[in-house]
Amino acid sequence: MKQIKVLVVEDSLVFRELLVRGIESDPALKVVAQASNPYEARDAILKYRPDVMTLDVVMPRMDGIEFLRKLIPQYPLPAVVVSVKNRESFEALNAGAVDFVSKPNTNNPKQIEDFVKKELNIKIKIASTAKMGNLKQSRGTSSILENVEKNYGERIIAIGASTGGTEAIATVIKNFKPDIPGTVIVQHMPPGFTTMYAERLNNQSSVFVKEAQSGDIVERGKVLLAPGDLQMRLTKISGTYRVECKAGEKVSGHCPSVDVLFHSVAANAGSHGIGVLLTGMGADGAKGLLAMRRAGAETIGQDEASCVVYGMPKVAYEIGAVKYQVDINNVAPKIYNILNGR
């Protein structure tokens, strides 16, 4: 099997060596170069042509965010950010990084070993499959949506995504108008990042987007994003849709889990639901989307050509959960077509 070539970009020599040893403990991975700053990284990319880059955010001479913004348009290399969890790391995802992992405690050898083997190496492998041309969809696509606002009654929209989903979801949400039915979303993302991501979506769209809290009403023109460490479910009490966000075990490998959300939408919204499964690794959401379809909901899966990672929607399609398979730029128009009976 061909090894995945990795470039490690980290200014700390000690931590860089720990990363290299940990990555190379996996026979499927090979570190072909190391760099202590973006300028060394640029030269290494041109010389070694790595498949994936691990990248620190805080570095001398140029930070990782600026490096990504300059690099990705010229050389679309999948990057996994390895840094302290903060707003800067979140901005790195916005700048084109495929994924993020929090730096472990370097004084704890066991924590470092678990971090590399159970988290970093897995995300490097996932990143190596990413189609970088699909990370940055055009945001200038003209909307074909009607300008007349309507009331769609008890309809509910549920969206799930993972790797590549931050941009995919943004592509969908930017085409929502204030008349869109209440929308609930699970995006696999570390705790803390969901607040910032919701703020970003809120600032970029014409609908109200927020990180969900238990008891929030799901209503017209509002989009609720599941917190990064809680399971979110849709409930219906006295005819009113609300969300319930609680700590819980991982389901389908994740907390929050798309399957958990979709199953709750199937149970409480039935044929009023519209389920949307976007780009992501694994199978989370496939069974839940099937439950929604069996309950009478309309279901949409992102097509392979526009996915960064055609995993979750692929599994859903193969088990018969997807009724409509569409390009990411056509997801919002398709939702409105369904709402308008077309």
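The values are calculated or read from the model by the stated rules, or taken from the named source; none is laboratory data. Predicted model, so just to flag it, every value in this text is computed and none were measured. Cβ atoms come from the backbone with ideal geometry, glycine included; neighbour counts cover every protein chain shown. Remember, those area values only see protein heavy atoms, side chains included, never the ligands or the DNA or RNA. Shrake-Rupley method; radii C 1.70, N 1.55, O 1.52, S 1.80 Å.
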task: Would you grab the residues whose amide H sits under 5 Å from the one on Val58? Only those 5+ places off in sequence or on another chain, please, with H modelled 1.01 Å from N.
output: Gly64
query: For the range 198-325, rounded, prolate or oblate, judged on the Cα gyration tensor with a ≥ b ≥ c (square roots of eigenvalues), a/c < 1.5 rounded, else prolate if a/b > b/c?
result: rounded
- request: Could you name the lysines whose alpha carbon sits less than 16 Å from that of Lys70, not counting residues in the same chain fewer than 8 places away?
  value: Lys136
task: Determine the per residue accessible area of the chain with all protein chains present and a 1.4 angstrom probe, expressed in square angstrom.
output: 41
task: Any chance you could run the full-extension gain for Ser12 through Asp43? It's 0.36 nm times the residue separation minus the Cα-Cα distance, nm to one decimal.
output: 9.3 nm
task: Sum -39500 (n - 2.57) across every DSSP H segment of at least 4 residues in the chain, then divide by the residue count to get the 222 nm mean residue ellipticity, nearest 500.
output: -9500 deg cm²/dmol
query: Going by a ≥ b ≥ c, the root eigenvalues of the Cα gyration tensor, does the range 1-71 fall in the rounded group (a/c under 1.5), the prolate group (a/b larger than b/c) or the oblate group?
result: oblate
statement: Taking Cα atoms only, Rg over Rh for the chain with Rh from the Kirkwood formula is 0.99
- prompt: What percent antiparallel are the DSSP beta bridges of the chain, to the nearest 5?
  reply: 20
- prompt: Taking Cα atoms, how many degrees apart are the long axis of helix 258-269 and the longest axis of the chain, rounded to 10 and kept between 0 and 90?
  reply: 10
- prompt: Considering only the other residues whose Cβ falls under 13 Å of the Cβ of Ile4, what net charge follows from Lys and Arg at +1 and Asp and Glu at -1?
  reply: +3
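Can you give the % of DSSP beta bridges in the range 207-284 that are antiparallel, to the nearest 5?
The antiparallel fraction comes to roughly 70 percent.
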query: With the chain treated as a Gaussian network of Cα nodes joined by springs under 10 Å, which of Thr194, Thr235, Thr183 yields the largest mean-square fluctuation?
result: Thr235
query: What is the spin-label model distance, in nm, from Val84 to Met62 if the labels are put 7 Å beyond Cα along the C-beta direction?
result: 2.4
message: Give me the net charge for the shell around Gly64: Cβ to Cβ below 12 angstrom, other residues only, Lys and Arg +1, Asp and Glu -1.
response: -4
task: Compute the distance in nm between two label points, each set 7 Å from the Cα along the Cα-to-Cβ direction, one at Ala247 and one at Ser25.
output: 2.8
- prompt: What number, in percent, do you get for the relative contact order of the chain if the mean sequence gap of Cα pairs under 8 Å and at least 6 apart is divided by its residue count?
  reply: 12
Per-residue ³J(HN,Hα) for the range 215-223, Karplus 6.51 cos²θ - 1.76 cosθ + 1.60, θ = phi - 60°, Hz, x for Gly and Pro: x, 4, 7, 9, 9, 3, x, 10, 10
message: As I understand it, the value is the acute angle between the Cα axis of helix 38-48 and the longest principal axis of the Cα atoms of the chain; what does it come to in degrees, rounded to 10?
response: 90
message: Compute a Gaussian network model of the chain, connecting alpha carbons closer than 10 Å, and tell me which residue from Lys314, Lys210, Lys70 fluctuates the most.
response: Lys70
field: Number of Lys pairs (Cα under 19 Å; 8 or more positions apart or on different chains) in the range 185-272
entry: 4
- prompt: Got the relative contact order for the range 229-314 handy, in percent, Cα pairs under 8 Å and 6 or more residues apart?
  reply: 26
statement: Here the gain from full extension of Ile122 to Lys174, 0.36 nm per residue of separation minus their alpha-carbon distance, amounts to 15.6 nm
